[in-house]
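Shown next, in structure tokens, is the structure this report addresses.
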Amino acid sequence: MRPNSTLEIDLNIIRDNYATLKQLSIAEVGASVKANSYGLGVAQITETLISCGCTKFFVADIIEGIELRNLNNSAEIFVLKGIEQGEEEYFLNSNLTAVINNLDQLELLNNFYKMQNQKANAILHVETGLNRLAMLEKEVAELQGNKDLYSHVNFEYIMSHLASSEEQDNSSNKSQLDKFKTYLKAFPNSKGSLVNSAGVFLDKEYHYDLVRPGAAIYGINLNEKMSVFRNPLRLFSRLIQIKEVQLGESLGYNHTHSFEKNTIVGTIPIGYGDGIFRSLSNKGHLYINDFKVPIIGRVSMDLINLDLTNLPERFRSIGQEVDIICASQSADELAKVCGTIGYEVITHLGNRIERKYLNK
């Protein structure tokens, strides 16, 4: 029994993208593997990256951290959301490193490790302009004035996050860099980590000791320079029905597509229940053997309809593969039609889609 839809992930391309990052960076290259490695499968992706020499991984929360620790005993795992009350034992037992975003998190971590008579490694996340998770300047000043607040915490890295790294000429990048420099001076024994995927292409002074790419590894390109990273994905479904619809008839929910001529319609078993955005309704196209086939009618939960009229008849058959993400249409290109970004496209791909790994 074959799956309705399949996402093929070429692990050789994942390896190549990581190798490219190592060539471009003067710092150690970690990896963001949060959200199940951006929907591609954290077990397979981290195993592949470890084989390439990656030792540092960033996850969103403690649940992801424990999952990754169960897969690998030696990797250094950083939890971006930090630590909450009741999670202390999990951080200790799973050897997870908290990213500290405020004084409350620091107090929690410090007090717990003080009770254990141990010292915890952590990352101090400082605010430089993104104004999301991060410790405010006045909180950092309080730390500088009272080392007892982190008597049992070692800040392995001082970290911040650029708001507009993909816009190389954006003045906010330099502004954030200048603020980051002042924080590093306050903690001279700590290393620095500032940039994500796009930030690797900024001046080398942004790189510091550790870069934290995610998108680049998975072939998501945010600007022209990032086109050096290749698309490792092929998402395809199969035709399960082909029929001719007559002039004057309509198609799909709310009859949003009306036929101005007799039309050959093909249906594939994938939809917004699988993470294919409903915003593709009546716009965009998919591919059959490199031929464009327009999407017609509403994208429904489990089905998408395609106009096959101009497709050569030899490709009009039940079981014919239909490419959604492929060499001819990357996740970024599909995202533009949806009015979103490639990140959102690949992280939305659901569990009904089989993941198949090439070149293990």
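A few comments on the model shown:
- Counted residues, region 139-183 - those being of a type in the set (Asp, Glu) and within 22 Å of the chain's Cα centre (by Cα): 2
- Picking from residues in region 261-309 that are in contact with a Ser or Thr (Cβ under 9 Å, 6 or more places away or on another chain) and aromatic (Phe, Trp, Tyr), the one that is farthest from Glu333 (Cα to Cα) is Tyr272.
- Checked against the criterion of being within 18 Å of Ala122 (Cα to Cα) and in contact with a strand residue (DSSP E or B) (Cβ under 6 Å, 6 or more places away or on another chain), the candidates Glu28, Glu64 yield just one match: Glu28.
- Test: residue in region 209-227 that is buried (at least 21 other Cβ atoms within 10 Å of the Cβ), among the aromatic types (Phe, Trp, Tyr), assigned by TED's automatic domain parsing to the domain that holds Lys34 and out of contact with any helix residue (DSSP H, G or I) (no Cβ under 7 Å at 6 or more places or on another chain): no
- Flag if Asn110 is surrounded by 14 or more Cβ atoms within 10 Å (Cβ to Cβ), polar (S, T, N, Q) and touching a strand residue (DSSP E or B) at 6+ places or on another chain (Cβ under 6 Å): yes
- For Lys336, the criteria (1) part of a helix (DSSP H, G or I); (2) without any contact (Cβ under 8 Å) to a residue 60 or more places away in the chain; (3) buried (at least 16 other Cβ atoms within 10 Å of the Cβ) hold in every case but one, which is (3).
- Pairs with Cβ under 9 Å, 6+ apart, first in region 299-314 and outside the structural domain of Arg352 (by TED's automatic domain parsing) and closer than 11 Å to Ile242 by Cα, second of a type outside the set (Gly, Ala, Ser) and surrounded by fewer than 19 Cβ atoms within 10 Å (Cβ to Cβ): none
- Filtered by the rule that a residue be more than 30 Å from Gly39 (Cα to Cα), among the hydrophobic types (A, V, I, L, M, F, W, C) and either surrounded by fewer than 16 Cβ atoms within 10 Å (Cβ to Cβ) or at pLDDT 95 or above (or both), region 252-286 gives Ile264, Val265.
- Qualifying residue in region 159-174 (condition: in the same structural domain as Lys81 (by TED's automatic domain parsing), touching a strand residue (DSSP E or B) at 6+ places or on another chain (Cβ under 6 Å) and without any contact (Cβ under 8 Å) to a residue 60 or more places away in the chain): yes
- Residues of region 103-125 satisfying the condition of being of a type in the set (A, V, I, L, M, F, W, C) and within 22 Å of the chain's Cα centre (by Cα): Ile123
- Given (1) crowded, with 19+ Cβ neighbours inside 10 Å; (2) at pLDDT below 95, number of the condition Asn351 does not satisfy: (1)
The values are calculated or read from the model by the stated rules, or taken from the named source; none is laboratory data. Only a predicted model underlies this, so the values are computations on that prediction, with no experimental measurement involved. No Cβ is skipped: glycine too gets one built from the backbone with ideal geometry, and neighbour counts run over all protein chains shown.
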